[in-house]
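Read the structure below first, then the notes.
The values are calculated or read from the model by the stated rules, or taken from the named source; none is laboratory data. Note that the structure is predicted; figures quoted are calculated from it, not measured. Backbone-built Cβ (ideal geometry, glycine too); neighbour counts: all protein chains shown. Just so you know, the surface numbers come from the protein's heavy atoms only, side chains and all, with ligands and any DNA or RNA stripped out. Shrake-Rupley method; radii C 1.70, N 1.55, O 1.52, S 1.80 Å.
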Amino acid sequence: MEVTDIGNKEDGKVWHRKPTLGKSMLVKVVRTAQQAKTVRFLHVAFDATGDSFLAGDHHGNIYVFDISRNRFRLVQKTGQACTALAFSLRRTTEFLVALADHTIKCFDKDTKQLVSWMRGHEGSVSSISVHSSGRYAISTSSDTAQLWDLDTFQRKRKLNIRQSVGIQRVFFLPLSNTILSCFSDDSIFAWESDTLFCKYQLPVPDCGPKISYKAFAVTRDGKSLAAGGRSNLLHLWCLDSKQLIRVIQMPTQVRTVRQLEFLPDSFDGGASQTLGVLSQDGVMRFINIHTCKQLFHMGSQDDAITTVAVSPNGRHVVAIMDNGSINVYSAQSLTQELNKPPPSQVAVVSGGEADQKMSNLKVKVRSEVVQRPAKTSGRRTLRPPAGSTAEDKENELPAGLNKKRLVALLKAFGEYPAKYRMFVWRSLLCLPENHAAYSSLTDKGLHPAYVTLHDKYPIKSHKLQRGLQRVLSALAHWAAIFGEVEYLPLVTFPFVKLFQNNPMLCFEVVATVIVNWCQHWFEYFPNPPLNILSMAENVLAHHDKELLQHLVDCGITSQLYVWPLLETLFSEVLTRDEWLRLFDSIFSNHPSFLLMTCVAYITCCREPLLLCSQKQDFEYFFHHRNNLDVGSMIKEAYRLMSNTPADIHPRTMLSDFTPLTKGQYPVFNHYPEFIVEYQSREREKIRLQEMEYLRERQEVSALRADFVRRQAEEEAYHAQQLLQKAEEQRRNILAQEEEKLTQQRAKLAAMKRELKVKELQLLDATRRRFLKHQQDLRATQIRGLDQEISRKMDLQERERAAAVQDLEVRQMELETQRRQLEQHMLKEQERMGRKVEEEVEMRMRRAEREEESFAELLHSTETNMQALEESLAGACQLGLDSDWQREVAERLQQVDAEQERKRERLAKLHRQTLAEEERVADTMREVAGRKWDEVMSARAQLQEQRQPLPSADTVPDGQRQTGIRSPCWTRELPHRPSASTSAPVRARPHSATSPKRAGSNMVCLNSSSPSESTSTNFSLDRGRAQLDSSERELLKEIRELRRKLAGRAREGSSASSQSVHTLSSVSQ
């Protein structure tokens, strides 16, 4: 037993020497502080993988022990003792710690940082349970239980109870959303974790002693619950049926149960059968809950256990001892006692009428041989049913399975359930699980034949490579021939890949296959088993002579089409799932089924084989995967098993299935021992020669290294002597140089002093010269400033005079521009007046012409009417001839049509006249408005130009007169009339005033000459008033003219109607 003292280390190895196989305790970890004082460990907790666990001591230090990597590391110093530990299942680097101050902290083991701090408990936290999803956690104290969200680290729910009823434990069930709560009154409730709805309550026996539950354990599948307390009784419930299924009575040494832990197994599907019971005496006893057999135990009264943690994978058990140390156990080594022949066990059921219900459940656990008791009324012995037969006994398998039922299940579904396949194989092969025997084989180490296995069979996974070497070495140590068989790695590799986590089971499966399905394979070693190949060839000849004849014609023997399938056990030609389906059938049938499967494979591939003719094609075919239905091949194998005659059937030449013996493995000697021994001796001889050669080469290498070392030492010695001489010379030279340097330093100091004095004198002289230069420079600057000021004053006077002259010239230019603008405006006004008058006059002439034409038309109409009347009178006088009446009527119609056309023409002319008048009026308004805008903008420009002029005292006389006159002009400017009130200026067509007179009357600006300033000035407003009056008169005349035309038109229409009436009366 190795003891590791971690002391004050923060990192290191768990063990310094690898534990030997077969030892139950791997290492003992202790921690001693200063003055050899032991620091006690308090709690441990495994992670989800089961390869590392947390451990906390009463100083508040939290360590992580990685068993797979053989390392430990200090991850946190909390400063106070922990009361509970748990790993976070979602974020694998985080863990929860319940501390003595009633708080829970979450740390990261990699970064050693505090992730969160959860408060809320008033008492000490006794346990922490994490949901299988890793999202929620439940912390339990004596007075309350709290549900935490590990994503937000916030409290979701809180369970409060009465003070009289305390909480024992609250935890999650595995693989479900159910919470189990256990109280001090022995009541157990199940709650839904999402809604906290009470799902059910487990029944507790009313009769018998009160247990006062303290310890609880649940299987990994969450289907069974075990509970114990202040008694040696254990209660076992089935959580699916919610019923108490068994009461287990522990030995009398057990008075109180402190802790319960289920020991997981790789092939139990989560339904653990081994339960660990830690009692008050510090001994943890592991029992089988079905057979009530005590399997093994840990600890003793002298070396008592305080608490235990079991890894989820069932490989390791960590126990904290009473002295504060940690013991790490190997579960595989602890189960060695299971390999011994078990003593006879009798399960005794106590009877009684008062507690008949409990009597059916209560089972005593006994570890010693129990004699069969006599038949009494109070006790009865369990016996097998009377109807069991010898055939049923043959079909009965371990773990309660029945081979006949398994075969029926296999034929119905074609394969076993993947979840239970390994468990079924273990039962079919009746594996003895000889841990001690297997450990004795593995303790011998690697077999020399498989030291260089990776060179011949390179595998990417190092774990598989080591597992294959381990199993092959165990086989070679078991039987010497297996160190010589070249194809043994091909046979073993599929099983190593399946059982890579359990090498002992892999070894026993391979050994069982060799003993049963590889019968007579090694009789012709090192040649292939010709007897087995001839069996397969006989079966093929019986069922398919044509195919066999084709193979013979092509020169293909059974060594080419049967042996490749057998030496690889079909692993080269089938996929993983197909291979598993095939071996479900092989393990469920007689060993001869393997040969029938080879023949079935050949017959099912009949068509492609008949097409092959070259040897290379056949070799490729039987070493590579082909398109084949495994189900059809298995059916064909069953057909061959049933239809093959007995004289050639392999069943008659192969023995029935024989399992491996328990305790020790059987002796395997079905091979030519002299050949194997000869090869072994030759190999040993070669190995010894190699070792001798290696030893000699090592000695030569050592001599060469010694020579090189000595030569290097001599060279180093000579170099050291040279260095010493050089060092003495260097010291002498340094002494001389130091003397010279001292003299030079003295001279240099004297020169520095002289230079310093000279430097001070020069600085004083320089300062005086600089001050005098500054004074001269200031005087020069002052003189320059005076000259600059006088020069700038003269320049400003000259600029001021030039500016005055420029202003006078600018004033004259503005006056000239004003006069030119007034003249231009006057001319433009006269031109527009003349144009408007001409347009109006032309319109009036056109209207007069139309009036004259209308008068002539009326006159001709009257003339025609008179002529018609005369003609009608003459016609009446002549006798009112009917022909003349018709002609008169037609003429009257023509006259009416002509009058209608004339009226339409007059109306059209009237509309056109109105449209033209509207257009002329709009044009005049636009022209007047545009001219008004131009005049106003010109006035504004003139006013702006006059504003910057000098005062009245400095301007000329003409400019003073203009300045006096401008305010009056500004006051006389009227507001611009709106478009609705303003009317264009029109001259009366019949006015006697000439265009020249009208133009003179429209002058509205001042005279352009200064000499004409005394003459009469016409205002622009006065001329505009005249234009408005003339426009109104013109519109009035146009209205009168329209009225006259309308009256004449009405008179003409009435006259025509009267004439028509007269004609009609005359005609009557």
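A few notes on this one:
- For segment 403-532, the fraction of C-alpha pairs farther apart than 22 angstrom is 42 percent.
- Protection proxy ranking, peptides 822-830, 860-868, 802-810, average beta carbon neighbours within 10 Å, highest first: 822-830, 860-868, 802-810
- Vicinal HN-Hα couplings computed from phi for segment 842-847 (Karplus, 6.51 cos²θ - 1.76 cosθ + 1.60; Hz; Gly/Pro x): 5, 5, 5, 4, 4, 5
- Protein accessible area in segment 54-127, 1.4 Å probe - carbon and sulfur %: 47 percent
- Under 25 Å of direct C-alpha separation, and excluding same-chain neighbours fewer than eight residues apart, Lys37 reaches these lysines: Lys9, Lys13, Lys28, Lys77.
- Computed over segment 69-119, the ratio Rg/Rh where both radii use C-alpha atoms and Rh is Kirkwood: 0.96
- The loop-placed chymotrypsin sites (Phe, Trp or Tyr not before Pro) in segment 204-251, going by DSSP, include none that has at most 11 neighbouring Cβ atoms within 10 Å of its Cβ.
- Eligible lysines near Lys835 by straight Cα distance, threshold 18 Å, same-chain separation 8 or greater: Lys827, Lys931, Lys996
- Taking Cβ atoms as reference points and 14 Å as the exclusive limit, the residues near Ser279 contribute a net charge of +2, counting Lys and Arg as +1 and Asp and Glu as -1.
- List Thr658, Thr644, ordered by accessible area with a 1.4 Å probe, largest first: Thr658, Thr644
- Accessible area per residue in Å² at 1.4 Å probe, computed on segment 435-584: 38 Å²
- Annotation: amide H of Leu42 within the under-5 Å range of Gly56, Asp57, His58, sequence separation 5 or more or interchain, hydrogens built in the peptide plane.
- Of all lysines in the structure, the ones whose alpha carbon falls short of 28 Å from that of Lys615, not counting any fewer than 8 places away in one chain, are Lys456, Lys545.
- Segment 1-154, relative contact order [Cα under 8 Å, separation at least 6], %: 14 percent
- Its convex hull of Cα atoms gives segment 590-644 a direction-averaged projected area, equal to a quarter of the hull surface, of 4.2 nm².
- Of the peptides 544-552, 482-490, 11-19, 271-279, the order by per-residue mean of other Cβ atoms within 10 Å, starting with the highest, comes out as 271-279, 482-490, 544-552, 11-19.
- In a reduced charge model with +1 at each Lys and Arg Cβ and -1 at each Asp and Glu Cβ, segment 407-475 shows a dipole moment near 220 debye about its Cα centre.
- Centre separation in Å (Cα based) which lies between segment 406-454 and segment 730-803: 104 Å
- Of Lys460/Lys635; Lys747/Lys772; Lys214/Lys293, pairs whose Cα-Cα distance is over 32 Å: Lys460/Lys635; Lys747/Lys772
- Whole-Å distance, taken between Cα centres, linking segment 233-255 and segment 887-913: 133 Å
- Sites listed here are trypsin sites (Lys or Arg not before Pro) in segment 23-71 whose DSSP assignment is loop and whose Cβ has at most 16 other Cβ atoms within 10 Å: Lys23, Lys37, Arg69.
- Cα gyration tensor, segment 514-629 - rounded (a/c under 1.5), prolate or oblate: oblate
- Relative contact order of segment 477-555: 13 percent, from C-alpha pairs under 8 Å at least 6 residues apart in sequence.
- Rel. contact order, % - alpha carbon contacts under 8 angstrom, at least six apart, segment 164-296: 15 percent
- Residues Gln559 and Lys403, FRET efficiency given R0 of 30 Å [Cβ-Cβ distance, rounded to 0.05]: 0.30
- Mean accessible surface per residue for segment 1-111, computed with a 1.4 Å probe while every protein chain stays in place, in Å²: 46 Å²
- Using θ = phi - 60° and Karplus 6.51 cos²θ - 1.76 cosθ + 1.60, couplings along segment 165-178 (whole Hz; Gly, Pro as x): 10, x, 9, 8, 6, 10, 8, 7, 7, x, 6, 7, 9, 9
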